[in-house]
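The values are calculated or read from the model by the stated rules, or taken from the named source; none is laboratory data. Just so we're clear, the structure is a prediction, and the values are computed from it rather than from any experiment. Neighbour counts are summed over all protein chains in view; Cβ atoms, including those assigned to glycine, are modelled from backbone coordinates with ideal geometry. What goes into the accessible areas is simple: the full protein's heavy atoms, side chains included, and nothing from ligands, DNA or RNA. Shrake-Rupley method; radii C 1.70, N 1.55, O 1.52, S 1.80 Å.
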Amino acid sequence: MKELIDSSKKIIVFSGAGISTNSGIPDFRGEGGLYERVQDKYDLPYGEAIFDLNYFDSNPHPFFDLSREIVFHNAQPTLCHKWLARLEEEGRIAKIITQNIDRLHRKAGSQAVLECHGGYDKGRCRSCGMEYDFENYEKDIQHGRVPHCRCGGVVKPNVVFFGESLPEEFFHVWENPPRGDLLLVLGTSLNVRPAADLALKFTGLMPSILVNLEVTDHDNRFTHVIHEDLDSFVKSLGN
Ligand code: CNA
């Protein structure tokens, strides 16, 4: 495994919530995961409602409270995030495609990042469509307030909710896959589509390694599968 990684020069990474659990941000679907917790905490009809537009329009508070937890509780990148940033510095990363919205890849120093479920950099008013930059609503979220537009509407950060389209760059990468010589899929249940479909599409194009604590429904698509904690895996490579 170490030899395969060490000899690869154009690595494509696909990461999920499992890469950030060691920084204190829980994943969604694992036991005690976010969906279970937010459903109880906010008395939601079902956990995923926190990322449902209709629910958001009727009650945006749970989403913003969760945002504070994910983005603003000052989580630090994990060993694995830092390792990937180092590989990029060495010129060995073709692309990091992440499903995460926690900004930790960027915080670790990675630049070739596609955040396929969007993020907080920009937001848009749900009523008049006016665009806002992160700086405009950062303080509101930090203090647990719902950000409002000048028109009075609620400003929703560009995190992709269920039923919303993924960023254009995702489809660009779909149509024009970066040339890679190794696919590393890290910390994801591969359950969320269409993001997971992109990772699975790449498994047909190059050797692939999946590192995930639990078995996924797609383990058989990968050349190598390791069920291990990601930071332990990175340590086992000598980092
Ligand atoms: P998921 O469905 O919650 O799966 C996470 C997977 O990671 C599980 O199969 C776990 O077994 C595995 N895992 C957890 N901890 C570790 C670890 N330390 N080492 C190795 N594996 C581990 O999450 P996905 O990313 O697959 O689902 C996509 C959703 C989750 C996206 O829409 C994300 O935006 C969303 N999400 C993001 C964050 C974040 O930004 N940090 C947190 C929670 C959920």
Query raised in the report: Between VAL225 and residues 5 or more places away or on another chain, which pairs have amide H atoms under 5 Å apart, with H built 1.01 Å from N, and which residues are they?
Result: LEU210
Requested in this report: With springs only between Cα atoms under 10 Å apart, run a GNM on the chain and tell me which of LYS156, LYS41, LYS95 wobbles the most.
Outcome: LYS41
**Report entry** Phi to ³J(HN,Hα) by Karplus 6.51 cos²θ - 1.76 cosθ + 1.60 over the stretch 223-231, Hz, x for Gly, Pro
**Finding:** 5, 10, 10, 10, 9, 8, 5, 5, 5
Requested in this report: Quick one: angle between helix 79-89 and the longest Cα principal axis of the chain, in degrees between 0 and 90, rounded to 10, please.
Outcome: 70 degrees
Requested in this report: With unit charges on the beta carbon (Lys/Arg positive, Asp/Glu negative), name the residue among ASN191, GLN111, VAL154 whose Cα is farthest towards the positive pole of the charge dipole of the stretch 83-239.
Outcome: VAL154
**Report entry** Base-10 log of normalised Debye intensity for the chain (one unit scatterer per alpha-carbon) at q = 0.07, 0.15, 0.18 Å⁻¹
**Finding:** -0.23, -1.05, -1.43
Query raised in the report: If you put +1 on each Lys and Arg Cβ and -1 on each Asp and Glu Cβ, how big is the dipole of the chain around its Cα centre, in Debye rounded to 20?
Result: 520 debye
Query - Computed helical MRE - 222 nm, the chain, DSSP H runs ≥ 4 contributing -39500 (n - 2.57), nearest 500 - result: -9000 deg cm²/dmol
Query raised in the report: Once you wrap a convex hull around the alpha carbon atoms of the stretch 41-182, what is its projected area averaged over all directions, in nm²?
Result: 9.9 nm²
Query - Rg ratio (alpha-carbon, reference 2.2 N^0.38 Å) - the stretch 141-239 - result: 1.44
Query raised in the report: What residues qualify as long-range amide H neighbours of GLY119, i.e. H under 5 Å apart, gap of 5 or more or another chain, H built at 1.01 Å from N?
Result: ASN158, VAL159, VAL160
Query raised in the report: Dipole of the stretch 103-238, Cα-centred, from +1 at each Lys and Arg C-beta and -1 at each Asp and Glu C-beta, to the nearest 20 debye?
Result: 400 debye
Query raised in the report: Using +1 on the beta carbon of Lys and Arg, -1 on that of Asp and Glu, and nothing else charged, what's the dipole of the stretch 1-112 about the Cα centre, debye to 20?
Result: 680 debye
Report task. Would you list, by chain and number, the lysines whose Cα falls below 23 Å from the Cα of LYS156, excluding same-chain residues fewer than 8 positions away? Result -> LYS41, LYS107, LYS122, LYS139
Requested in this report: Just the number, please: carbon plus sulfur as a percent of the accessible area of the stretch 1-80, 1.4 Å probe, no ligands or DNA/RNA counted.
Outcome: 47 percent
Query raised in the report: Could you give me the ³J(HN,Hα) list for the stretch 148-165, computed from phi with Karplus coefficients 6.51, -1.76, 1.60 and θ = phi - 60°, whole Hz, x at Gly and Pro?
Result: 10, 7, 4, 7, x, x, 8, 8, 9, x, 7, 6, 6, 8, 4, x, 8, 6
Report summary line: Going residue by residue through the stretch 202-211, the Karplus relation 6.51 cos²θ - 1.76 cosθ + 1.60 with θ = phi - 60° gives ³J(HN,Hα) values, rounded to whole Hz and with x marking Gly or Pro, of 5, 4, x, 9, 7, x, 9, 10, 10, 10
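Run the numbers for ARG126 and GLU168: contour at 0.36 nm per residue of separation, minus the present Cα-Cα distance, in nm. Don't skip to the end; give the middle numbers.
Values: separation 42, 0.36 × 42 = 15.12 nm, distance 2.02 nm.
Value of the extension gain: 13.1 nm.
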Query raised in the report: Which FRET efficiency, nearest 0.05, do CYS151 and ASN54 yield, Cβ-Cβ r, R0 30 Å?
Result: 0.90
